[in-house]
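Everything on this sheet refers to the single structure shown next.
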Amino acid sequence: MKKLLFIFLVLFVAAHAQEISKNKYGLKVVENIELYKQLTADDSSKVLVDIEDFIPGIRLDIRYATDNNFTGKKVYTLPKAFVRLPVAAALKEIQNELKQQGLELKIFDAYRPYDATVLFYNIYHDTNFVASVWTGSRHNRGCAVDLTIINSASGEELNMPTPYDDFTEKANPAYADLPENVLQNRALLINTMEKHGFKVINSEWWHFDYNGWKDYELMNIGFEELF
């Protein structure tokens with residue numbers, strides 16, 4: 001009997017320790033590093049991987065670590081990009097495939113703490129381009145990436161329909177009134193990403209969600225805590 005009670009107590013404590021409370025918008029968001037560590041100990045696929053470590057040499061242009069973004073101010077404390085482990089593995093496959101064509105990925109954004117999503121929504125309420133505070137973003141789950149393709153030799157971005165974070169109809173991945181080379185470049189990006197388990201969203205040619213995003217929690221852990 002004592003042994004059964006002990007097992008029950010251990011299971012109860014473990015379940016209670018991993019309980020995620022709801023925030024004021026009714027969302028369950030992982031807010032502290034200890035809970036994140038518990039979740040990743042149970043499931044290693046939930047580890048947030050530093051993309052630069054996982055894919056050596058990959059180019060980053062983390063706009064939200066600068067004031068060169070639609071908010072006009074620095075949002076992130078570090079110019080880093082993190083994604084869940086399966087997302088990183090898929091991106092590595094894509095990078096290797098593109099390199100065979102003399103091309104590579106450039107990452108604009110990846111995991112985004114939930115506080116940044118709240119900031120974006122308070123600045124720009126159009127949920128075609130920013131996530132609602134009541135739903136959170138796939139970025140908050142470490143399962144979305146904003147990116148483009150560059151020429152390996154020159155480092156120059158391929159011509160795409162718009163610059164990054166352009167909130168116009170031209171950013172829609174189905175927008176057709178574009179030069180032929182731009183249509184081809186966009187198609188190359190979308191087809192390559194979707195072949196490896198991502199899906200482009202319907203308002204931004206640069207934003208791709210990983211197909212397994214529902215399996216991962218919303219997060220609000222700062223970059224500094226992930227090292």
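The values are calculated or read from the model by the stated rules, or taken from the named source; none is laboratory data. All figures in this text were calculated on a predicted structure; none of them were measured in a lab. Quick reminder, even Gly has a Cβ in these numbers, built from the backbone with ideal geometry, and neighbours come from all protein chains shown.
Summary of values
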{"quantity": "Cβ pairs under 7 Å, 6+ apart, first in segment 196-224 and over 21 Å from residue 47 (Cα atoms), second buried (at least 19 other Cβ atoms within 10 Å of the Cβ) and of a type in the set (Ser, Thr, Tyr)", "calculated": "206/148; 206/164"}
{"quantity": "Those residues of segment 79-95 which are more than 11 Å from residue 110 (Cβ to Cβ), in a helix (DSSP H, G or I) and either without any contact (Cβ under 8 Å) to a residue 60 or more places away in the chain or touching a Phe, Trp or Tyr at 6+ places or on another chain (Cβ under 8 Å) (or both), in sequence order", "calculated": "85, 86, 89, 90, 92, 95"}
{"quantity": "Enumeration of residues in segment 189-209 that are out of contact with any helix residue (DSSP H, G or I) (no Cβ under 9 Å at 6 or more places or on another chain), over 28 Å from residue 67 (Cβ atoms) and among the aliphatic types (A, V, I, L, M)", "calculated": "190"}
{"quantity": "Segment 163-191 residues that are more than 25 Å from residue 97 (Cβ to Cβ), paired with ones that are of a type in the set (Gly, Ala, Ser) (beta carbon under 8 Å, 6 or more apart)", "calculated": "172/203"}
{"quantity": "Unmet criterion (only one of (1) assigned to a strand (DSSP E or B); (2) out of contact with any His (no Cβ under 8 Å at 6 or more places or on another chain); (3) not hydroxyl-bearing (Ser, Thr, Tyr)) for residue 129", "calculated": "(1)"}
{"quantity": "Count of residues meeting criterion [surrounded by fewer than 19 Cβ atoms within 10 Å (Cβ to Cβ) and either in contact with a Lys or Arg (Cβ under 8 Å, 6 or more places away or on another chain) or within 11 Å of residue 161 (Cα to Cα) (or both)] in segment 188-212", "calculated": "1"}
{"quantity": "Filter result for the condition that a residue is out of contact with any strand residue (DSSP E or B) (no Cβ under 6 Å at 6 or more places or on another chain) and within 17 Å of residue 146 (Cα to Cα), over 52, 97", "calculated": "52"}
{"quantity": "Unmet requirement for residue 81, which otherwise passes all of (1) at pLDDT below 95; (2) in contact with a strand residue (DSSP E or B) (Cβ under 7 Å, 6 or more places away or on another chain)", "calculated": "(1)"}
{"quantity": "Count of residues meeting criterion [in a helix (DSSP H, G or I), closer than 30 Å to residue 97 by Cα and free of Cβ contacts under 8 Å to residues at least 24 places away in the same chain] in segment 28-59", "calculated": "2"}
{"quantity": "Complete set of residues in segment 168-204 that are closer than 15 Å to residue 150 by Cα and either of a type outside the set (A, V, I, L, M, F, W, C) or in a strand (DSSP E or B) (or both)", "calculated": "181, 184, 185, 186, 192"}
{"quantity": "Where residue 76 falls short, out of the listed (1) in contact with a helix residue (DSSP H, G or I) (Cβ under 8 Å, 6 or more places away or on another chain); (2) of a type in the set (Ser, Thr, Tyr); (3) not in a loop (DSSP other than H, G, I, E, B)", "calculated": "(3)"}
{"quantity": "Single condition residue 161 does not satisfy, out of (1) part of a loop (DSSP other than H, G, I, E, B); (2) closer than 29 Å to residue 218 by Cα", "calculated": "(2)"}
{"quantity": "Pair list, Cβ under 8 Å, 6 or more apart: segment 103-127 residue more than 21 Å from residue 169 (Cβ to Cβ), other residue of a type in the set (Asp, Glu)", "calculated": "106/61; 106/157; 107/61; 107/146; 109/146; 110/146"}
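Okay, residues lined up against (1) in contact with a Lys or Arg (Cβ under 9 Å, 6 or more places away or on another chain); (2) over 19 Å from residue 215 (Cα atoms):
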residue: 128; (1), (2): no, yes
residue: 131; (1), (2): yes, no
residue: 136; (1), (2): no, no
residue: 140; (1), (2): yes, no
residue: 148; (1), (2): yes, yes
residue: 151; (1), (2): no, yes
residue: 154; (1), (2): no, yes
residue: 161; (1), (2): yes, yes
residue: 165; (1), (2): yes, yes
